[in-house]
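These notes are about the structure you will find just below.
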Amino acid sequence: MSPIPPIPQADRYWLIQAHVPLPLLVAEIAAPLIDSILVAVDIEIAQGQIRQIVPTGTADPSNLPSVNLQRRLVWSGFVDLHTHLDKGHIWPRTANPDGSFESALTAVQTDREQSWQAEDVYRRMEFGLKCSYAHGTHALRTHIDAMGQQAAISLEVFKTLQAVWADRLVLQAASLVPLEYFMTSQGEELADRMASVGGVLGGLPEMNPDLDAQLDRVFTLAQERGLNLDFHTDESGNPTDITLQRVAAAALRHGFSGQIVCGHCCSLAVQPLAEVQKTLEWVRQAGIGIVSLPMCNLYLQDRNQQASRYFSQSAGDALAHLDPFPTQTPRWRGITLVHELKHAGIPVAFASDNCRDPFYAYGNHDGLEVFTQAVRIAQLDAPHSDWCRSVTTIPADLMGLPTCGRIGIGLPADLIVFHARYFSELLARPQSDRIVLRRGIPIDTTLPDYAELDDLVAVE
């Protein structure tokens, strides 16, 4: 195939011979399915909005400029439901010595205490936004470490970025603290602060005798302020971790009417069937949406602790009794039961999570990479079904954004044109030559240079 043709520089034009995933279309199109999920359509764009969507060959575009996409895929913009922009891109200065979850917690805490002043947080968060925007993301939610004085620093940075980027990205913030924090006066102040920025009340529930009381407190604070909730739940391989189930029980107990999102839910995959079925039923009844973070959880979960000991000890006699390599290959993928959740009628999204920090050494804020890896890791391809909604319409709905992540007449022409024609082509290559349209106009998709952050994070 030839390179993607240039988009017309006009207020009105046609994209003809496009392949669009049917689940992303708002209106029904009377056109035969291609590859079981795609429809061939022509799309008219006028003054930044989608004016017409018709089956290919049924409209006459001759009176307007047009570009023949030659069956290339057109998607809506991505919606990234779960990110950690405040942690992002610190890996060069604060790596994870053994790749374990525990070491990641320690490394981030150390880095936060040493470096997370306003300029540092702003520049790293904006670097992440630049990447997201260039890849075609339209909206994202970032969790913010919000213990003590860090809340004031990072949320003020977030408010500034939210205003600066308002014409390019829809940004939401969710607090991230242990749930016990909400039992204190500082926790109540944090709830007020999240309300003042139009944010989401979020936290980390952990199994303990006081968990139900902590959840009751969080739900009460959220209800009093009209806030939605977002929890990090069960990010472990321990089958006795059932905080997702306890969150669902609390939601039903409180008759909570706001939107709840629970992320990770890894331990669900290693629990007995009866426990899983009970949890799924309560989650469904409570209207909770689940966001799986496949790349980060694949990286962290089921790490061999032998590797941890190997890399943490100094050279010499202390290593004499150890094998030179980790002794165990990870036995499971770390992700939650996405197929079972979906089958139960529970909304399932995928998201970026951490990027280039101690929790995940890689990542590039790219919704397509998230989707591609989710397809491979969770086997979402037999058939592809409507899983394309998991990085578009479903997270948009969970964020309360009815015009994002979908393609329809009257909606903004926030689209992505890929070089690929079919899902097999889309998922085989990184699609670095994609065209991103914002209100029908191609944007500059050049990614920021990592050297922009060298003075903050480069190793001496």
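Throughout, read-outs are computed from the coordinates displayed, never taken from laboratory work. Being a predicted model, the structure only gives us computed values, none of them experimental. Cβ coordinates were reconstructed from backbone atoms using ideal geometry, including for glycine residues, and neighbour counts include every protein chain displayed.
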Nonlocal amide H pairs with Ser66, under 5 Å, H built at 1.01 Å = Trp14
Dipole of the chain, positive end: most advanced residue of Trp282, Val164, Trp75 [Cβ charges, Cα centre] = Trp75
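Any idea what diffusion coefficient segment 348-399 gets from Stokes-Einstein, in µm²/s, Kirkwood Rh on alpha carbon pairs, 37 °C, 0.692 mPa s? Provide the component values of the computation, followed by the final result.
Values: Rh = 11.7 Å.
Translational D for this selection: 281 µm²/s.
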Computed over segment 319-453, Cα set: Rg, Dmax in Å | 18.4, 69
Amide H proximity to Asp230 below 5 Å, modelled H, separation 5+ or other chain, gives Leu201, Gly202, Gly203, Val261
With +1 on the Cβ of every Lys and Arg and -1 on the Cβ of every Asp and Glu, the dipole magnitude of the chain about its Cα centre, in debye rounded to the nearest 20, is 1220 debye
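Taking 35 Å as R0, compute the FRET efficiency from the Cβ-Cβ separation of Leu273 and Glu224 and round it to 0.05.
0.40
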Leaving out same-chain residues fewer than 8 places away, which lysines sit with a Cα under 25 Å from that of Lys278?
-> Lys342
Would you mind computing, in nm to one decimal, how far apart the modelled labels at Gln285 and Glu102 are, each placed 7 Å from Cα along Cα→Cβ?
-> 3.7 nm
Chain lengthening between Met207 and Met183 when straightened (0.36 nm per residue, less Cα-Cα) | 7.1 nm
Backbone N within segment 147-166 under 19 Å of label point (7 Å from Thr446 Cα along the Cβ vector) | none
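If we count other beta carbons within 10 Å of each Cβ, what is the order of Asp145, Asp192, fewest first?
On the way: Asp145 20, Asp192 11.
By the 10 Å Cβ count, ascending: Asp192, Asp145.
Sort His135, His82, His254, His384 so the one with the fewest other Cβ atoms within 10 Å of its own Cβ comes first. Working shown, then result.
Details: His135 25, His82 28, His254 17, His384 20.
Exposure proxy ranking, most exposed first: His254, His384, His135, His82.
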How far is it, in nm, from the label point at Asp167 to the one at Leu252 when both lie 7 Å from their Cα along the line to the Cβ?
-> 4.9 nm
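In whole Å, what three semi-axes, largest first, describe the equivalent ellipsoid of segment 384-460 built from its Cα gyration tensor (square root of 5 times each eigenvalue)?
Output for segment 384-460: semi-axes of 28, 18, 15 Å.
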Neighbour-count ranking for Cys404, Cys266 (other C-beta within 10 angstrom, fewest to most) reads Cys404, Cys266
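Please find the FRET efficiency linking Ile409 to Ser2, where r is the Cβ-Cβ separation and R0 is fixed at 30 Å, and quote it to the nearest 0.05. Present the calculation step by step, with values, prior to reporting the outcome.
Working: r = 30 Å, r/R0 = 0.98.
According to the calculation, E is roughly 0.50.
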So which lysines pass the test for Lys130, namely a Cα distance under 28 Å, with those fewer than 8 places away in the same chain ruled out?
-> Lys87, Lys159
Long-range amide H contacts for Val170: which residues qualify at under 5 Å (H placed 1.01 Å from N, peptide plane, sequence gap of 5 or more or a different chain)?
-> Ala139, Leu140
